[in-house]
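Remarks on the structure that follows.
The values are calculated or read from the model by the stated rules, or taken from the named source; none is laboratory data. Note that this is a predicted model, so its numbers are computed, not measured. Every residue, glycine among them, receives a Cβ derived from its backbone with ideal geometry; neighbour counts consider all protein chains shown. When the accessible area is computed, the model is the full protein with side chains, heavy atoms only, and any ligands, DNA or RNA have been set aside. Shrake-Rupley method; radii C 1.70, N 1.55, O 1.52, S 1.80 Å.
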Amino acid sequence: QAQVVESGGGLVQPGGSLRLSCATSGIVLSTWSLSWYRQAPGKQREMVATISRGFTIDYADSVKGRFSISRDNGKRLGYLQMNRLKPEDTAVYYCNVGSADSGYWGQGTQVTVSS
């Protein structure tokens, strides 16, 4: 059974850093794209970063230069390194494997940026 589990969220001060991890099981990760989404209170879920199975990477404009997505297919892991965090980055962060419409989703991890 396919499973996606995020970890690494927490409370951090503005300007700080966090590294989110996405652990997968029951999925041949190398054959899928992996993406990070986030959803802030009262807002729609938005794509933050995506890395294709060919390692093509794309970021939302709001996080370019601050966030970095990576993957380790052998370990079945995905990562989101978040630097220079801002209060507006506060959201629940979700890992998606495959596609937003038909892929696999985790339960999310809360990231709160506040002083």
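Odds and ends about this structure:
- Neighbours of A23 by Cβ distance under 12 Å: Lys/Arg scored +1, Asp/Glu scored -1, total +1.
- Distance between the range 69-98 and the range 15-61 - C-alpha centres, whole angstrom: 5 Å
- Kirkwood analysis of the Cα pair distances in the range 49-115 returns a hydrodynamic radius of 13.1 Å.
- Percent breakdown of C-alpha pair distances by 5 Å bin, ordered from the shortest bin, for the chain: 2, 13, 25, 26, 19, 10, 4, 1, 0
- For K43, the aspartates and glutamates whose Cα comes closer than 15 Å to its Cα, not counting residues fewer than 8 places off in the same chain, are E88, D89.
- Accessible area in square angstrom per residue, the range 44-106, 1.4 angstrom probe: 53 Å²
- All aspartates and glutamates inside 19 Å of K75 as judged from Cα atoms, apart from same-chain residues fewer than 8 positions distant: E6
- Cβ-derived FRET efficiency at R0 25 Å, A100 paired with F55, nearest 0.05: 0.80
- Just the protein heavy atoms count here, and of the accessible area of the range 7-115 at 1.4 Å, carbon and sulfur take up 47 percent.
- Considering only V97, V28, V63, the Gaussian network model of the chain with Cα springs below 10 Å gives its largest mean-square fluctuation to V28.
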